[in-house]
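Structure record follows, encoded as structure tokens.
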């Protein structure tokens, strides 16, 4: 119970700081100039970045599958599940520490 309360307080502090950062940003940058900048962005440049990050993740999943396959007979879908669950848990654990 005590740890849960500590995590709640930490998450509330993070949320407050995030809100404060966005508040400062939006006070300094006018909304019309922000929309003008976003309209000028060429989203075509994000496609290679997205594809490369997707390929990198698939390669990491395949590497994980080969590691699991050396220990026991595992399907690729189970390897994908365990990799993604592990990354989620790792992210959750690193954000609470």
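The values are calculated or read from the model by the stated rules, or taken from the named source; none is laboratory data. Every value quoted in this text rests on a predicted model; they were computed, and no experiment measured them. In this analysis, Cβ positions are derived from the backbone assuming ideal geometry, glycine residues included, and neighbour counts consider all displayed protein chains.
Listed residues 53, 30; which is under 30 Å from residue 80 (Cβ atoms), surrounded by 10 or more Cβ atoms within 10 Å (Cβ to Cβ) and either assigned by TED's automatic domain parsing to the domain that holds residue 80 or out of contact with any strand residue (DSSP E or B) (no Cβ under 6 Å at 6 or more places or on another chain) (or both)? So that I can check it myself, show each step before the final result.
Values: 30 fails: under 30 Å from residue 80 (Cβ atoms).
Being under 30 Å from residue 80 (Cβ atoms), surrounded by 10 or more Cβ atoms within 10 Å (Cβ to Cβ) and either assigned by TED's automatic domain parsing to the domain that holds residue 80 or out of contact with any strand residue (DSSP E or B) (no Cβ under 6 Å at 6 or more places or on another chain) (or both) holds for just one of 53, 30, which is 53.
Residue-wise test of (1) surrounded by 11 or more Cβ atoms within 10 Å (Cβ to Cβ); (2) part of a loop (DSSP other than H, G, I, E, B); (3) modelled with pLDDT of 95 or more.
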{"site": "59", "(1), (2), (3)": "no, no, yes"}
{"site": "73", "(1), (2), (3)": "no, yes, no"}
{"site": "78", "(1), (2), (3)": "yes, no, no"}
{"site": "81", "(1), (2), (3)": "yes, no, no"}
{"site": "86", "(1), (2), (3)": "yes, no, no"}
{"site": "91", "(1), (2), (3)": "no, no, no"}
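Criterion first (at pLDDT 85 or above, more than 30 Å from residue 7 (Cβ to Cβ) and under 21 Å from the mean Cα position of the chain (by Cα)) does residue 54 satisfy it?
Details: at pLDDT 85 or above: yes; more than 30 Å from residue 7 (Cβ to Cβ): yes; under 21 Å from the mean Cα position of the chain (by Cα): yes.
Yes, satisfied.
Could you please let me know if residue 63 is loosely packed, with under 10 Cβ neighbours inside 10 Å and without any contact (Cβ under 8 Å) to a residue 60 or more places away in the chain? Explain how you work it out, then say what you get.
Numbers: loosely packed, with under 10 Cβ neighbours inside 10 Å: no; without any contact (Cβ under 8 Å) to a residue 60 or more places away in the chain: yes.
No; evaluated as a whole, the condition is false for this residue.
Against the conditions (1) more than 22 Å from residue 87 (Cβ to Cβ); (2) in contact (Cβ under 8 Å) with a residue 24 or more places away in the chain, where does residue 25 fall short? Just the number, please.
In the conditions (1) more than 22 Å from residue 87 (Cβ to Cβ); (2) in contact (Cβ under 8 Å) with a residue 24 or more places away in the chain, residue 25 misses (2) alone.
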